């Protein structure tokens, strides 16, 4: 991730995968919405955990449900690699005195997932053609469509997964699981003026107890090395039903990411929406001689 503000220092966020974020200013740090479940920094109330969780006695075994979550996640990932969809990013900027902020611009594109990374085409900024999202100044992001899911699947298969709680998400019951990366094994690092700082973070997976479907994935970095000037990075992607070719699929629906800075009340965040899913198709012509 390149964090580029023309009036300040140049930061570079490096990852072991293709997910890229570019942020020049940040949103407030993640807040705890209950004793155990963390919020990934949604600026609107509609992404927050509800501390009035349902009766866990009526819920399935967390261990058995986790197996279903893994299968569901892999199914979603297999489906999204067969689609192309529209992505819209509304970029906002605010401050402590203006927490609702103001909209900076709208970035639209077509996105697909090819060779373990997002592929963007037909990119526009406020309806004006844009060569690439990475050429933007201010806050931009890439990687929400498929990379976060692929890396979460890897974590679900390889890391220690902890059941946190049964909670509610946008009025729906959700089982919340978490996994952690320390500075020693984190796939993220921030480079500032040639120095690299590994960043520990918590990943959270929200899933439906009834179906095992993933409802949301969070990545929350709250202990960013102070040398970077960043106090926290929050990233979340929501999943839901999407129609394509007359059928319903469970696919990415929206996302938000934000960043907070040390000794600064300025913040930026992006609200991302996925729509108009279309399946890849091809025409095959056979010639006989």
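Coordinate-derived values only; no laboratory data. Keep in mind that what you see is a predicted model, and the values were worked out from it rather than measured. Cβ sites come from the backbone with ideal geometry, for glycine too, and all protein chains shown count toward neighbours.
Take the Cβ-Cβ distance between residue 264 and residue 170 as r, set R0 to 30 Å, and report the resulting FRET efficiency rounded to the nearest 0.05.
Working: r = 30 Å, r/R0 = 1.01.
Step by step, r from the Cβ atoms, then E = 0.50.
Using label points projected 7 Å from each Cα along Cα→Cβ, tell me how many nm separate residue 183 and residue 160, to one decimal.
So the two model labels end up 1.9 nm from each other.
If I stretch the segment between residue 210 and residue 95 completely, what's the gain in nm (0.36 nm per residue apart, minus their alpha carbon distance), one decimal?
Stretched fully, the residue 210-residue 95 segment lengthens by 37.4 nm.
Given the Cα-Cα distance of residue 78 and residue 124 and 0.36 nm per residue of separation, how much length would full extension add, in nm?
Working: separation 46, 0.36 × 46 = 16.56 nm, distance 2.78 nm.
Gain on extension, residue 78 to residue 124, equals 13.8 nm.
Can you give me the C-alpha center-to-center distance between the stretch 200-226 and the stretch 137-177, rounded to a whole angstrom?
4
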